[in-house]
Amino acid sequence: MAIPYPHFIGTENSPMETGILIPSSPSSASPSPSPVILTQDELKKIAAYKAVEYVESGMVLGLGTGSTAKHAVNRIGELLTQGKLHNIVGIPTSKKTHEQAVSLGIPLSDLDTHPVVDLAIDGADEVDPFLNLVKGRGGSLLREKMVESSCRKFVVIVDESKLVKHLGGSGLAMPVEIVPFCWKFTAHRLQTLFADSGCVAKLRTSGEKNEPFVTDNGNYIVELYFKKDIGDLKAASDEILRLAGVVEHGMFLDLATTVIVAGELGVRVKNKFN
């Protein structure tokens, strides 16, 4: 979908949304500029480039996975090639991102060598008003959470469609990574756990034969669909993780420090207060 994209200037007046970009006022001496039509992917790219402005030479970076994060990884590689960034070390959150980073010449490492990450940049599937996230619909939630829970600053890039009143509010999947052993048993227990929220649990499949989707870690993904708000997110998180057979879930609670939102009115930067 293509939407109008006006020209912007920056302000920093909102308590929750700092650095909001708003349409500039045209001068009386010149006609208003014609709006530029950009696709959603182009807006994601703009947000990703904004996120890369947080990157400094010498940093250890968490490299996200997905259609938005790929733009940030490309930009980091471009700045390294241009000599505008130096001594960057990347920690990829998936095999796909690892391959992308290698192709761009980004030096890579892991959490064993760098247990503290300076900055991570990644996308999200849902963002609530408190900057809690649903991530992992691309299947990389475990590695993403390992890296992004180890960083000093976590910058998230989304478009406006990802903003929700509460997690699960989009009606789309909240992924849970589980071991393949007796996956139906685990899926049933997950569905029962959230019966009051009208939960339906489905195994993620792929390919023409609808075979189980297998993560980079050799696990399966069960997708949870909710008809109602699941309530206390930390309690829900604890309940999920107590189930034997569950590896990790896609709720990223209290991890994001900044969320960059690309939308019809420009790019908004939401910062989490301490």
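The values are calculated or read from the model by the stated rules, or taken from the named source; none is laboratory data. Since the model is a prediction, treat every value here as computed from it, not as a measurement. With ideal geometry, Cβ positions are generated from the backbone for all residues, glycine too; neighbour counts draw on all protein chains shown. The area values use the complete protein model at the heavy-atom level, side chains included, leaving out ligands, DNA and RNA. Shrake-Rupley method; radii C 1.70, N 1.55, O 1.52, S 1.80 Å.
Structure notes:
- Among (1) over 11 Å from the mean Cα position of the chain (by Cα); (2) assigned to a strand (DSSP E or B), the one test that Phe154 misses: (1)
- Inclusion of Leu142 among residues that are surrounded by fewer than 24 Cβ atoms within 10 Å (Cβ to Cβ), touching a residue at least 24 places away in the same chain (Cβ under 8 Å), assigned to a loop (DSSP other than H, G, I, E, B) and among the aliphatic types (A, V, I, L, M) is not warranted.
- Meets criteria (within 30 Å of Ile46 (Cβ to Cβ), touching a helix residue (DSSP H, G or I) at 6+ places or on another chain (Cβ under 9 Å) and not β-branched (Val, Ile, Thr)) for Leu172: no
- Restricting the stretch 82-96 to residues that are open to solvent by less than 20 Å² (accessible area, probe 1.4 Å) and touching a residue at least 40 places away in the same chain (Cβ under 8 Å), the residue that is nearest to Lys234 (Cα to Cα): Thr93
- Residue under evaluation Gly136, criteria (1) under 30 Å from Pro212 (Cβ atoms); (2) outside any loop (DSSP other than H, G, I, E, B); (3) open to solvent by less than 40 Å² (accessible area, probe 1.4 Å), criterion not met: (2)
- Selection status of Ser94, at pLDDT below 95 and either more than 12 Å from the chain's Cα centre (by Cα) or of a type in the set (S, T, N, Q) (or both): no
- Matching option when the condition is assigned to a loop (DSSP other than H, G, I, E, B), crowded, with 19+ Cβ neighbours inside 10 Å and touching a residue at least 24 places away in the same chain (Cβ under 8 Å), among Leu255, Leu172, Leu224, Leu190: Leu255
- Residues in the stretch 227-252 that are open to solvent by less than 20 Å² (accessible area, probe 1.4 Å) and touching an Asp or Glu at 6+ places or on another chain (Cβ under 8 Å) were compared, and the one that is farthest from Ala47 (Cα to Cα) is His249.
- Test: residue in the stretch 148-165 that is surrounded by 21 or more Cβ atoms within 10 Å (Cβ to Cβ), over 15 Å from Ile260 (Cα atoms) and either among the aliphatic types (A, V, I, L, M) or free of Cβ contacts under 8 Å to residues at least 24 places away in the same chain (or both): no
- Among the residues making up the stretch 102-133, none is hydroxyl-bearing (Ser, Thr, Tyr) and open to solvent by less than 10 Å² (accessible area, probe 1.4 Å).
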